[in-house]
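The values are calculated or read from the model by the stated rules, or taken from the named source; none is laboratory data. Please read these numbers as outputs of a predicted model, since none were measured by experiment. Glycine gets a Cβ as well: all are built from the backbone with ideal geometry, and neighbour counts include every protein chain shown.
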Amino acid sequence: MPTPRRDGRRPRVTVLRLGHRPGRDPRLTTHVALAARAFGADRMLLTPPDPALADRLSAVAQRWGGGFRVEGVERWSDAVRRFAGGVVHLTMYGEPLDRALPRLRRRPELLVVVGGAKVPAELYRRADYNVAVGAQPHSEVAALAVLLDRLGGLPDGCRFRGAERRIVPQRNGKRVLRTGRGRAP
């Protein structure tokens, strides 16, 4: 298990999904959000805003628990400028994750920027850390999941508060319990 911050907690993480194209990228952006939520991020900022996608992702958090939320932002640069913590840009051109991890774990809050095919050059300059999970072309979903796992692993054994449903891990088959919390599915 990765080593957490000295105070025993992992940094609070916000994910900024850059370059979402409403109507064209809903599946990829949904996967970014699902990975972010499952691996312990608190929220995702989406630029440009996509209220329909945000509503669908809120429904996931409602059913499966946790406080994860999606917020639309008009300009990524404003979100980066206003963020009080460290800004991490995930890019295959950055410094190796292993080298950056000790510094990232010491930060109480991180904004992890996950881009698309064309990331503005300005982001490379404005980020506190340009970090590469691997120096090869790869999925932004995979890179985000690896980073979040390495920051401190999955939160609380994958159980989220307020869940309407809970998966019971088992060797074969699948079992989902209704917890009686929240609204009826």
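The set of residues in the stretch 89-126 being among the small types (Gly, Ala, Ser) and under 15 Å from Leu147 (Cβ atoms) consists of Gly94, Ala100, Gly115.
Filtering the stretch 65-83 to residues that are in contact (Cβ under 8 Å) with a residue 40 or more places away in the chain and either among the β-branched types (Val, Ile, Thr) or in contact with a Lys or Arg (Cβ under 6 Å, 6 or more places away or on another chain) (or both) leaves Gly65, Val73, Val80.
Restricting attention to the stretch 4-18 and to residues that are modelled with pLDDT of 75 or more and assigned to a loop (DSSP other than H, G, I, E, B), the residue that is surrounded by the fewest Cβ atoms within 10 Å (Cβ to Cβ) turns out to be Arg10. Could you list, in sequence order, all residues of the stretch 103-129 that are in a strand (DSSP E or B) and within 15 Å of Leu45 (Cβ to Cβ)? Glu109, Leu110, Leu111, Val112, Val113, Val114 - these are the residues of the stretch 103-129 that are in a strand (DSSP E or B) and within 15 Å of Leu45 (Cβ to Cβ).
Ser77 passes every criterion in (1) closer than 20 Å to Tyr124 by Cα; (2) touching a Ser or Thr at 6+ places or on another chain (Cβ under 7 Å) apart from (2). Quick check on the stretch 49-63. Is at least one of its residues of a type in the set (Gly, Ala, Ser) and not in a helix (DSSP H, G or I)? No. Residues considered: Phe83, Phe68. Of these, the only one that is surrounded by fewer than 20 Cβ atoms within 10 Å (Cβ to Cβ), under 22 Å from Pro11 (Cβ atoms) and aromatic (Phe, Trp, Tyr) is Phe83. All of Ala100, Ala84 fail the test of being touching a strand residue (DSSP E or B) at 6+ places or on another chain (Cβ under 9 Å), in a helix (DSSP H, G or I) and among the small types (Gly, Ala, Ser), apart from Ala100.
A Cβ distance below 8 Å, combined with a sequence gap of six or more or placement on separate chains, defines the contacts here; from the stretch 84-102, residues that are over 15 Å from Leu45 (Cβ atoms) reach residues that are small (Gly, Ala, Ser) and exposed (fewer than 15 other Cβ atoms within 10 Å of the Cβ) in the pairs Met92/Gly134; Met92/Ala135; Tyr93/Ala135; Pro96/Ala135.
Evaluating Trp76 against the criteria (1) buried (at least 21 other Cβ atoms within 10 Å of the Cβ); (2) at pLDDT below 90; (3) not polar (S, T, N, Q) leaves one unmet condition, (2). When you check Arg81 against the structure, is it under 16 Å from the mean Cα position of the chain (by Cα) and of a type in the set (Lys, Arg), yes or no? Spelling it out, it is not the case that Arg81 is under 16 Å from the mean Cα position of the chain (by Cα) and of a type in the set (Lys, Arg). The set of residues in the stretch 138-185 that are modelled with pLDDT of 80 or more, part of a loop (DSSP other than H, G, I, E, B) and within 24 Å of Asp98 (Cα to Cα) comprises His138, Ser139.
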